[in-house]
Amino acid sequence: LVLEDELAQGLTRNEFELFFQPQVEATTGQLSGAEALLRWRHPQRGLLSPDAFIFVAERHRLMLALGEWVMREAAATARRWREQGITQGHGPMRIAINLSRMQFNLDGFADTVKRVLEESGAKGQWLELELTERMLIEDIEHAPATLAQLRAMGLTVSVDDFGTGYTSLAHLTELPLDKLKIDQSFTARLPDDVGAQAITRAIVQMAVGLGLTVTAEGVRSAAQWQLLAAWGCQQFQGELVGAPMSAGDFEAWVRAR
Ligand code: G
Ligand code: G
Ligand code: MN
Ligand code: NA
């Protein structure tokens, strides 16, 4: 079987799963959400990371079905956690999902989100959407209206891997966004690398100036945390906080805190 057929079969056989990585507030250490990271429990090859199959899914438009599955699963999980009392600082857990280019750039994406929310009995406030700079730029004519629709439904909109793409600063001020996620390649070079310091610090200052929340990804050491917090970074995600975990492990992790 070629990979595209295996993917389609994997979807019908329910072999996909979401892992969750916690995010916390810099000042209080309180949980501020979780990022959903897709995994494939392949019957022969074991647990696969998206890097091993997303590109094939994108090529064959399977990504639309897979992406919708991710959204449904995240919505259902947020709803279940709310019922089980698995919460974040100020209420229900917000789950961030990664979108693929194909999903966001398709006409009617906001309608799809609306339908998934209705069918799942979930609120927009329980979901966050992570987009890359590239996705925003490729669809810059429609992106502002689509983002506005999504935010009107209560969803949080984030730019993932920020600093690695080509968003012009002018675009940043025109797009209705909530959050920037500093790419882990910058965090990884902290605290010592002077270039990474300059870039990261500038991103945090700009984001704060624009009224956006900044999340640093890939935080692995206390030294990285302290430096980023001193610059005004509000949220942290990374191995220092917690690795990506299965839903069951994430629930146990939250309860043990
Ligand atoms: O945990 P990590 O190996 O999960 O993720 C690898 C890459 O796959 C990252 O760039 C991440 O953003 C992406 N990714 C993780 N989950 C999803 C998903 O559900 N959909 C899409 N499109 N990308 C994802
Ligand atoms: O592209 P995106 O930012 O969505 O990718 C998230 C990826 O980063 C996932 O593969 C996740 O497993 C990985 N990740 C999360 N925290 C850390 C970390 O502290 N260090 C490293 N190296 N990777 C991390
Ligand atoms: Mn992400
Ligand atoms: Na990222």
If we scan the range 133-141, do we find a residue that is surrounded by fewer than 16 Cβ atoms within 10 Å (Cβ to Cβ) and either of a type in the set (Ser, Thr, Tyr) or part of a strand (DSSP E or B) (or both)? no
Of the criteria (1) modelled with pLDDT of 95 or more; (2) assigned to a loop (DSSP other than H, G, I, E, B); (3) over 22 Å from Ala36 (Cα atoms), which one Tyr166 fails: (1)
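Okay, residues lined up against (1) under 30 Å from Ala230 (Cα atoms); (2) more than 14 Å from ligand 2 (Cβ to nearest atom); (3) under 18 Å from the mean Cα position of the chain (by Cα):
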{"position": "Val2", "(1), (2), (3)": "no, yes, no"}
{"position": "Glu15", "(1), (2), (3)": "no, yes, no"}
{"position": "Leu18", "(1), (2), (3)": "no, no, yes"}
{"position": "Arg39", "(1), (2), (3)": "no, no, yes"}
{"position": "His42", "(1), (2), (3)": "no, yes, no"}
{"position": "Gly46", "(1), (2), (3)": "no, yes, no"}
{"position": "Pro50", "(1), (2), (3)": "no, no, yes"}
{"position": "His60", "(1), (2), (3)": "no, yes, no"}
{"position": "Leu64", "(1), (2), (3)": "no, yes, yes"}
If you go through the range 102-132 one residue at a time, how many are surrounded by fewer than 18 Cβ atoms within 10 Å (Cβ to Cβ), among the polar types (S, T, N, Q) and within 24 Å of Val56 (Cβ to Cβ)? 2
Look at the range 204-257 and say how many of its residues are in contact with a Lys or Arg (Cβ under 8 Å, 6 or more places away or on another chain) and farther than 23 Å from Ser185 by Cα. 0
Specify the residue that is nearest to Val113 (Cα to Cα); the eligible residues are those in the range 158-186 that are among the β-branched types (Val, Ile, Thr) and within 13 Å of ligand 3 (Cβ to nearest atom). Val159
Members of the range 92-114 that are outside any helix (DSSP H, G or I) and within 24 Å of Gln21 (Cβ to Cβ): Pro92, Met93, Arg94, Ile95, Ala96, Ile97, Asn98, Leu99, Ser100
Conditions (1) closer than 20 Å to Asn14 by Cα; (2) more than 16 Å from ligand 4 (Cβ to nearest atom); (3) surrounded by 15 or more Cβ atoms within 10 Å (Cβ to Cβ); number of the one not met by Asn98: (2)
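The values are calculated or read from the model by the stated rules, or taken from the named source; none is laboratory data. Since the structure is predicted, the reported quantities are computational estimates derived from the model, not experimental observations. A quick note on method: Cβ atoms are made from the backbone with ideal geometry, for glycine too, and the neighbour counts reach across all protein chains shown.
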